[in-house]
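Reading through the structure tokens given below for one structure.
Just so it is clear, none of the values below were taken in a lab; they were calculated from the coordinates. Fair warning: this is a prediction, and the values are worked out from it, not measured in the lab. Neighbour counts are summed over all protein chains in view; Cβ atoms, including those assigned to glycine, are modelled from backbone coordinates with ideal geometry.
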Amino acid sequence: MILDVPHYDFKWQTYYLFAKPLEIPAGGKIESMAWYDNTATSKSNPDPTKDVKWGDQTWEEMQYTGFLYSVPSRRLRPAP
């Protein structure tokens, strides 16, 4: 696990950046999973009787996982 946010707050709406970039080997995979609290006890859920689907609005589900990455540069050998 590389990131775990067990008590996410809707007001955060932010990015998480690592202090030191992760090195993922060639062929490696990163998987993202999210769970939502749609229960009546969730203070962020205005109506637990309604189905919520993905959408661009804050009343819709907006979970999104994006990755910023760079490829290490290769040192070129000087010409002989």
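Between Glu61 and residues 5 or more places away or on another chain, which pairs have amide H atoms under 5 Å apart, with H built 1.01 Å from N, and which residues are they?
Distant-sequence amide H within range of Glu61: Lys53, Trp54, Gly55.
Using 0.36 nm times the number of residues separating Met1 and Asp51, minus their current alpha carbon distance, what extension gain do you get? Working shown, then result.
Working: separation 50, 0.36 × 50 = 18.00 nm, distance 2.94 nm.
The Met1-Asp51 span can extend by a further 15.1 nm.
Just one of (i) -0.82, -1.33; (ii) -0.81, -1.51; (iii) -0.86, -1.12 is log10 I(q)/I(0) by the Debye sum over Cα atoms at q = 0.16, 0.26 Å⁻¹ as worked out from the coordinates here. Which one is it?
For log10 I(q)/I(0) by the Debye sum over Cα atoms at q = 0.16, 0.26 Å⁻¹, the calculated option is (ii).
Tell me, what HN-Hα J-couplings in whole Hz come from the Karplus equation 6.51 cos²θ - 1.76 cosθ + 1.60 at θ = phi - 60° for each residue of the stretch 43-53, using x for Gly and Pro?
So the J values, rounded to whole Hz, are 5, 8, 9, x, 8, x, 7, 9, 6, 10, 10.
With the contact rule set at Cα under 8 Å and sequence spacing of 6 or more, what percent relative contact order holds for the chain?
Worked out over the chain, it gives 14 percent.
For the stretch 1-78, which GluC sites (Glu not before Pro) are in a loop by DSSP, counting at most 15 other Cβ atoms within 10 Å? If you can, show how the numbers build up before the last one.
Numbers: sites: Glu23, Glu31, Glu60, Glu61; in loops: Glu23, Glu31, Glu60.
Of the GluC sites (Glu not before Pro), the ones in loops of the stretch 1-78 whose Cβ has at most 15 other Cβ atoms within 10 Å are Glu23, Glu31, Glu60.
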